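Participant: The following block contains the structure, expressed as structure tokens.
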Amino acid sequence: NQVEDALKAYTNGPRPSAEETKGWNARQKFIFMRSLPETISLEDCAYFEALFDIKETKNTTTRNAFYLIAVRSGYQDALQRIEDHVCKIGAMYSLSLLFRTMVATDWSKEYARPFSEKARDGYHPITAKIIAGILDEAGL
């Protein structure tokens, strides 16, 4: 399996190349992102963001999986893109994961409420209530 092979290689040091991941479908990219360690280096964040074209991908689940890693890793270069992401998606599961990660991470905590306030009018009322609960629980 290409994804498993790339993950095994990555745990030993080398990142998968563009050639190795060429032709990967959205599911393979998502599985790879979800299988990475919870935190990676800032250099690896930038590398995977470019490798999988996270900025431009239409696949919100892959993008969300990357942004979870980016937040936990302290990859502040992605902050504007994270804000854009939470304003464009409405999936409660993805949003709740991302906001929970943001409020649990020191550097991103302060952005959680402003991002939510900017985006909440576009959320389903139940999603907006859940996000507000996450923020309230975090004391934000």
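The values are calculated or read from the model by the stated rules, or taken from the named source; none is laboratory data. Treat the numbers as computed from the prediction; the structure is a model and nothing was measured. Don't worry about glycine lacking a Cβ; one is built from the backbone with ideal geometry, like all the others, and counts go over all protein chains shown. Keep in mind that these areas ignore ligands, DNA and RNA; they rest on the heavy atoms of the full protein, side chains included. Shrake-Rupley method; radii C 1.70, N 1.55, O 1.52, S 1.80 Å.
Participant: Using a 1.4 Å probe on the protein heavy atoms only, what accessible surface does residue 5 show? Give it in Å² to the nearest 10.
Facilitator: 90 Å²
Participant: Let me ask something else about it. Highest mean first, what order results for 55-67, 81-93 on Cβ atoms within 10 Å?
Facilitator: Top to bottom by mean Cβ count within 10 Å: 55-67, 81-93.
Participant: Run the paramagnetic zone check for residue 2: 7 angstrom along Cα to Cβ, then residues of region 31-56 with backbone nitrogen under 16 Å.
Facilitator: Counting only backbone N, you get 31-33, 51-53.
Participant: Which of rounded, prolate, oblate describes region 14-140, given a ≥ b ≥ c as roots of the alpha-carbon gyration tensor eigenvalues and a/c under 1.5 marking rounded, otherwise prolate only if a/b is larger than b/c?
Facilitator: Taking the square roots of the gyration eigenvalues as a ≥ b ≥ c, region 14-140 is prolate.
Participant: From Cα pairs below 8 angstrom and at least 6 apart in sequence, can you work out the relative contact order of the chain, rounded to a whole percent?
Facilitator: About 18 percent, as a whole number.
Participant: Over the chain, with the other protein chains present, what is the accessible area per residue in square angstrom, probe 1.4 angstrom?
Facilitator: Per-residue accessible area for the chain comes out at 55 Å².
Participant: For the residue pair residue 60 and residue 9, what label-to-label distance in nm results when each label sits 7 Å from Cα along the Cα-to-beta-carbon direction?
Facilitator: 3.3 nm
Participant: Under the 0.36 nm per residue contour assumption, what length would be gained going from the current alpha-carbon distance of residue 43 and residue 137 to full extension?
Facilitator: Net length gain for the segment: 30.6 nm.
Participant: A follow-up question, please. Among 18, 33, 48, which residue has its Cα positioned farthest towards the positive end of the charge dipole of region 1-60, with +1 placed on the Cβ of Lys and Arg, -1 on the Cβ of Asp and Glu, and the dipole taken about the Cα centre?
Facilitator: Going by the Cα projections, it comes out as 33.
Participant: Let me ask another. Evaluate region 82-124: find the radius of gyration of its Cα atoms, find its Kirkwood radius, and give the ratio Rg to Rh.
Facilitator: Reported Rg/Rh (Cα atoms, Kirkwood Rh): 0.93.
Participant: May I ask you to compute the full-extension gain from residue 34 to residue 106, defined as 0.36 nm times their residue separation minus their alpha-carbon distance, rounded to one decimal in nm?
Facilitator: Net length gain for the segment: 23.7 nm.
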